[in-house]
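Heads up, the thing below is written out as structure tokens.
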Amino acid sequence: MTSALGLPLRRPSVLPGFGLALGFTLVYLGLVVLVPLAALVLKTAGLGWAGFWALATDPRTLSALRLSFGTALAAAAINLVFGLLVAWVLVRYDFPGRRLVDAMIDLPFALPTAVAGIALASLYAPNGPIGALAAMAGLRIAFTPLGIVVALTFVSLPFVVRTIQPVLEEIDRELEEAAATLGAGRLATLRRVILPTLVPAMLTGFALALARAVGEYGSVIFIAGNIPYVSEIAPLLIVIRLEEFHYQAATALACDMLAVSFALLLAINLVQAWSRGRFGHV
Amino acid sequence: MSDVALAAGGAVRPVTTETRAVRRALVAAAVVFLALFLVLPLAAVFAEAFRAGLAGYLAAIREPDALAAIRLTLLVAAIACPANLVFGLAAAWAVAKFEFRGKSLLVTLIDLPFSISPVISGLVYVLLFGAQGLLGPWLKAHGIEIIFAVPGIVLATIFVTLPFVARELIPLMQEQGSGDEEAALSLGAGGWKVFFLVTLPNVKWALLYGVLLCNARAMGEFGAVSVVSGHIRSLTNTMPLQVEILYNEYNFAAAFAVASLLAGLALVTLVLKSVLEWRYGHALSAAGRH
């Protein structure tokens with residue numbers, strides 16, 4: 001089997017079932033994912049450039065996008081710091097309940113977002129236990145952008161921990177011993193030997209957390225208060241536009257967000273390619 | 001390994017760790033962060049659910065709308081999980097056992113649903129099958145309902161859970177190579193026999209792991225399903241949507257009662273997942289060991 005360029009389309013193999021497996025994969029993927037996504041692109045193309053631009057730069061849309069990005073960046077940054085801390089503690093130190101803590105990290109993946117949403121709303125509302133404490137300090141968390149950051153921190157918590165953990169486990173302790181025998185203090189070793197090897201994993205984890213947080217819907221809508229121009233996130237605005245049967249506006253906003261998701265996906269792949277080239281691992 | 005030690009003020013400690021005080025402070029900081037962000041919300045679900053007592057809890061769950069939501073959620077997961085299991089096996093067989101052009105693009109496309117907002121995953125089906133959608137008029141003429149009906153919910157769920165099984169199987173089957181299958185073929189086994197007697201037993205724990213995660217997401221999906229469901233009580237409400245409706249009606253006790261069932265599902269998933277990781281970690285892919 002050769003293509004027009006003379007490159008083999010596939011390397012010969014004695015195993016059977018290539019045609020069936022790949023055929024089924026492509027048909028299924030096409031019907032479930034690619035054709036529906038193509039419908040989105042077609043609908044957007046139908047708006048025309050001027051129509052798309054007017055909808056994509058509508059002030060309420062821009063405000064929702066800014067809020068979604070700002071809060072997602074804040075949540076990813078919080079998780080970068082605490083994710084590094086949690087991964088470090090789990091890999092390097094032995095303490096009672098370590099395995100339980102390790103298993104709990106994946107809770108945000110397993111807990112449905114709507115459940116997380118109402119739980120966080122009840123905790124952080126002004127009459128909830130944490131909300132009441134914050135209110136005494138003069139701080140409102142629920143129904144403000146701060147509440148959105150709390151929800152996004154919850155849902156994107158596992159990403160940084162789970163990308164740093166395996167890399168940290170692979171680091172050879174002999175490197176640290178070598179650094180120490182050459183006169184480096186512990187802090188210098190951490191900063192100049194360990195941290196640089198973790199940078200690709202930290203970047204990947206940060207980007208994954210950001211990508212998840214930008215698109216998150218279920219956990220946010222209960223705690224956000226959903227006030228237009230103040231605490232209305234982009235995915236919610238898509239839902240609102242759909243409920244108003246304003247499909248064009250929903251489509252344009254979805255296209256904005258898809259472009260961002262693809263940019264993040266590309267960034268993650270670039271970081272991983274760079275890391276493979278430089279460190280031999282992701 | 002870490003027998004190199006520095007004498008610091010008389011006490012000897014390995015150079016590759018921190019002082020005890022620093023270690024304790026870091027562990028404490030991590031545990032407090034996780035307790036505040038993970039454990040507290042989970043505890044809040046159960047505390048709120050049982051606020052009205054056991055009788056109130058049971059009454060909320062036996063509510064006909066709640067029962068209908070539970071049935072629909074089970075139905076949707078019972079369709080989406082097997083569908084994505086077959087897809088995952090086919091995709092992993094093609095990607096891991098053969099070399100062909102465009103393979104990395106295919107792997108990226110399989111992961112695509114994870115990087116798309118769940119709301120958009122629902123929206124694309126509305127744009128395709130909805131009343132104003134591309135196929136809407138044709139579907140209406142033929143009396144087929146997809147959006148605001150069960151087929152739409154199933155499709156949206158399949159979309160968001162599509163990668164789970166495939167992304168567990170692909171790295172594992174790539175690690176395992178094709179040696180076993182080639183040996184079986186050379187001994188005279190047919191293609192399907194090789195698949196069922198050699199490949200499938202080699203990947204069974206990873207398959208179970210993928211299905212477990214797929215099921216948790218299928219039962220808990222909210223955003224995508226919310227867009228296509230239309231929120232018709234006892235017809236198109238899954239459990240997460242029922243939680244939302246009850247919560248927005250200020251029926252908090254009932255909302256948290258239904259939510260506690262989903263939280264219980266999440267805990268069972270975590271326990272089974274951990275058991276698989278601890279007992280069969282060697283039989284999962286490197287990516288699945290955490």
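Only one of A:ILE240, A:ILE233 is of a type outside the set (Gly, Ala, Ser), in contact (Cβ under 8 Å) with a residue 24 or more places away in the chain and within 23 Å of A:PHE143 (Cα to Cα); which?
A:ILE233
Taking the residues in segment B:123-138 that are outside any loop (DSSP other than H, G, I, E, B) and surrounded by fewer than 18 Cβ atoms within 10 Å (Cβ to Cβ) as candidates, determine which candidate is nearest to the other protein chains (Cβ to nearest Cβ).
B:GLY136
Please work out which residue is surrounded by the most Cβ atoms within 10 Å (Cβ to Cβ), limiting yourself to segment B:239-267 and to residues that are closer than 18 Å to A:PRO158 by Cβ and either more than 7 Å from chain A (Cβ to nearest Cβ) or acidic (Asp, Glu) (or both).
B:LEU265
Looking at segment B:223-238, which of the residues that are of a type in the set (Gly, Ala, Ser) and assigned to a helix (DSSP H, G or I) is nearest to the other protein chains (Cβ to nearest Cβ)?
B:GLY223
Quick check on my filter: what residues within segment A:81-101 are surrounded by 18 or more Cβ atoms within 10 Å (Cβ to Cβ) and acidic (Asp, Glu)?
none
Residues that are within 29 Å of A:LEU120 (Cβ to Cβ) and either within 10 Å of chain B (Cβ to nearest Cβ) or of a type in the set (Phe, Trp, Tyr) (or both): list the helices (runs of 4 or more DSSP H) wholly contained in segment A:154-195 that include at least 3 such residues.
A:157-170
Scan segment A:235-254 and give yes if some residue there is under 18 Å from the mean Cα position of the chain (by Cα), more than 9 Å from chain B (Cβ to nearest Cβ), surrounded by fewer than 21 Cβ atoms within 10 Å (Cβ to Cβ) and part of a helix (DSSP H, G or I), otherwise no.
no
Please report, ordered by residue number, the helices (runs of 4 or more DSSP H) entirely within segment B:47-122 with at least 3 residues that are crowded, with 16+ Cβ neighbours inside 10 Å and within 13 Å of chain A (Cβ to nearest Cβ).
Result: B:64-97, B:103-111.
Among the residues that make up segment B:187-209, is at least one of them facing chain A (nearest Cβ under 9 Å) and among the β-branched types (Val, Ile, Thr)?
The answer is yes; a qualifying residue exists.
I'd like the full set of residues that are of a type in the set (A, V, I, L, M) and in contact (Cβ under 8 Å) with a residue 24 or more places away in the chain, limited to segment A:78-106.
Scanning segment A:78-106 gives A:ILE78, A:LEU80, A:LEU84, A:VAL86, A:ALA87, A:LEU90, A:VAL91, A:ILE105.
Per-residue answers, yes or no, for (1) part of a helix (DSSP H, G or I); (2) at the interface with another protein chain (Cβ under 8 Å from one of its Cβ atoms); (3) among the acidic types (Asp, Glu):
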{"site": "A:ALA74", "(1), (2), (3)": "yes, no, no"}
{"site": "A:ALA87", "(1), (2), (3)": "yes, no, no"}
{"site": "A:PRO96", "(1), (2), (3)": "no, no, no"}
{"site": "A:SER122", "(1), (2), (3)": "yes, yes, no"}
{"site": "A:ASN127", "(1), (2), (3)": "no, no, no"}
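Quickly run through segment A:196-229 and pick out the residues that are over 19 Å from the mean Cα position of the chain (by Cα) and assigned to a loop (DSSP other than H, G, I, E, B).
Those that are over 19 Å from the mean Cα position of the chain (by Cα) and assigned to a loop (DSSP other than H, G, I, E, B): A:GLY225, A:ASN226, A:ILE227, A:PRO228, A:TYR229.
None of the figures in this text is laboratory data; all of them are computed from the coordinates on show. For clarity, every value in this text was computed on a predicted model and none was experimentally measured. Note that each Cβ is placed from the backbone with ideal geometry, even for glycine, and that neighbours are counted across all protein chains shown.
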